[in-house]
Amino acid sequence: MIANFKKDRFSWLHIDNGWLLKIGNVVMFKNVRILLIAAILVLSVCACKKESGQSAPPNPPPPPPGNNSLSYGDSVFFISNQSSDYIITPVNQASGTYLGFPEGISIDQSSGAINVSKSETGLKYRIYFIATGTTDTITTTLTISGINFLDGFYKLTTSDSIAHPLYNANAKNAIPGLNNGSVFDEGSNCNSAGCTVDIVNGQINLAQTVRNGVFGTTPSNNDRHEFDLNYRINDKSGEALNTIRVKLYYFDTMNDVTQECYDIISSREGTIIDATNQIIIAGFPIKTNSTTVVNGSGFKAAKPRPPCIFIVSH
């Protein structure tokens, strides 16, 4: 007995001992087991053929790009007269580790929050962020407004007899508000102790300081003294009281300078960043790659404060 039914381009023939698959005029199989396998293959081919006329589903859209920038909304921040701490945070906070360089900036390593009120002023800082689960580092720079003096050797026989303050980490910046609200050595901590500070522009007259007897009537090599210079600047700080501690050393000649002083200079190399993102020391640019990392982040730990001024008399 033969029964016949068709499905598209193939047909099945039923005979007494099983089924045969017929495609067109060709009988393909007569063994039942092979027949079943063949049927599965044919159905699969047909299904694929049928689907081939349909467009493939679109690929899923790529994930949105990650936030590859770090910003605090501005590049210069000012202390204020407010009684509570002034805290700034990243514009786009993310999970990870935040680090600041050089030492002196008060930063929360988990949130990136910076306490401006408790950070050393007059310095430019580089902030680093490493997102959780990555090793990529994102950086930005910001300045905490104020003045600074450069570490280095100041020879009284040259024009180095005056230590000039840098405003906002840039030697080219003019200090705002001179003769108009800005004042230096408020309370006379420096001048009353013999460290001659110009109350109008903040310059330290090193030669006059030596003549004033700060290091004694006969100065001794490696004698040192620290002074707290209180000042106010008529800028966005609103003339808030600011302070910088300055450390003065005395040496008769360069041959009298101790190894300790050279070590101090060496340890601070790369910790002062100027407005062009170069690293400077005693006014001379030093390549930024001269630095190394702090706390596993690449920069060496060195404190740029207090600035150390090495006075060399001859």
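Worth pointing out:
- The number of residues in segment 157-180 that are touching a residue at least 24 places away in the same chain (Cβ under 8 Å) and not in a loop (DSSP other than H, G, I, E, B) comes to 7.
- Gly270 at pLDDT below 95, in a loop (DSSP other than H, G, I, E, B) and of a type outside the set (A, V, I, L, M): yes
- Flag for Phe251 being at pLDDT 95 or above, buried (at least 16 other Cβ atoms within 10 Å of the Cβ) and in the same structural domain as Gly194 (by TED's automatic domain parsing): yes
- Being closer than 28 Å to Ser266 by Cβ, in contact with a Gly (Cβ under 9 Å, 6 or more places away or on another chain) and surrounded by 16 or more Cβ atoms within 10 Å (Cβ to Cβ) is a condition met by no residue of segment 175-189.
- Every pair of residues 6+ apart whose Cβ atoms lie under 7 Å, when the first sits in segment 82-98 and is more than 15 Å from Phe129 (Cα to Cα) while the second is of a type in the set (A, V, I, L, M) and part of a loop (DSSP other than H, G, I, E, B): Tyr86/Ile79; Ile87/Ala113
- Inside segment 116-156, residues that are under 27 Å from Tyr249 (Cα atoms) and in a strand (DSSP E or B) make up a count of 10.
The values are calculated or read from the model by the stated rules, or taken from the named source; none is laboratory data. Here the structure is a predicted model, which is why all the values come from computation and not from measurement. Glycine gets a Cβ as well: all are built from the backbone with ideal geometry, and neighbour counts include every protein chain shown.
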